[in-house]
Amino acid sequence: MQTTETKPRFGGHRGGNILEFYTEEFRPEPSPVEVFRQHVVQWFFAVKHLRFFETNRLTDQPTTEDLASHRMVCSALITFGEFASNFARRCKPKVDLAALGLSVDSIEAETRLLRNNFKMFHDNTISYAEADAVLKEAFNEA
């Protein structure tokens, strides 16, 4: 009889799909605490990689495709951050994030940063040219 090992690889079960880590958490039955903790660690890892993506692909004339990818991934990460912080706060003694060197506050802070970055890249209330004009006027640059 052949057994298939389902041990997670670096980047997740599906070779680095940044969204996979949170999908299991939305099942009707809760995940075991160890699985939840693993998902929180993977979430922080995914957030770190999103920051690299933002720096490398979104800071200077981002493409429509890059912005669409960012919108989807950032939304998913915000959703999981909200879920994880609520779940961890409700089950704090059971979850024991301190064993990972984390806290509910660290999840909430990272989720706030994700929301801020989402607004920065997707709330197009002023154009780049308008923003440049405001900065030049503010700093008296001719």
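The values are calculated or read from the model by the stated rules, or taken from the named source; none is laboratory data. As the structure is a prediction and not an experimental result, all values here were calculated from the model. In this analysis, Cβ positions are derived from the backbone assuming ideal geometry, glycine residues included, and neighbour counts consider all displayed protein chains. Ligands, DNA and RNA are excluded from the accessible area calculation, which covers all protein heavy atoms including side chains. Shrake-Rupley method; radii C 1.70, N 1.55, O 1.52, S 1.80 Å.
What residues have an amide H closer than 5 Å to that of Asp96, excluding those fewer than 5 places away on the same chain, when H is modeled at 1.01 Å from N in the peptide plane?
none
Tabulate in residue order the Karplus-calculated ³J(HN,Hα) for region 37-53, using 6.51 cos²θ - 1.76 cosθ + 1.60 with θ = phi - 60°, rounded to whole Hz; enter x for Gly and Pro.
Calculated HN-Hα couplings, in order: 4, 4, 5, 5, 4, 5, 4, 4, 4, 5, 4, 4, 5, 5, 4, 4, 4 Hz.
Show Thr64, Thr79 ordered by accessible area, largest first, where the area counts protein heavy atoms only and the probe is 1.4 Å.
I get Thr64, Thr79, largest accessible area first.
For Asp66, what charge total do you get from the other residues with a beta carbon under 13 Å from its beta carbon, if Lys and Arg give +1 and Asp and Glu give -1?
Once positives and negatives cancel, what remains is -1.
Nearest 20 debye, what's the magnitude of the dipole of region 78-120 about its Cα centre given +1 on Lys and Arg Cβ and -1 on Asp and Glu Cβ?
With Lys and Arg at +1 and Asp and Glu at -1, about 140 debye.
Principal axis lengths of region 32-142 from Cα atoms, whole Å, largest first?
Computed over the Cα atoms, the extents are 59, 29, 20 Å.
Below 8 Å between Cα atoms, with a sequence gap of 6+, how large is the relative contact order for region 50-142 in percent?
29 percent.
With θ set to phi - 60°, apply the Karplus curve 6.51 cos²θ - 1.76 cosθ + 1.60 along region 83-99 and write out the HN-Hα couplings as whole Hz, x wherever there is a Gly or Pro.
Running phi through 6.51 cos²θ - 1.76 cosθ + 1.60 with θ = phi - 60° gives 4, 5, 5, 5, 5, 5, 5, 5, 10, 3, x, 5, 6, 6, 5, 4, 4 Hz.
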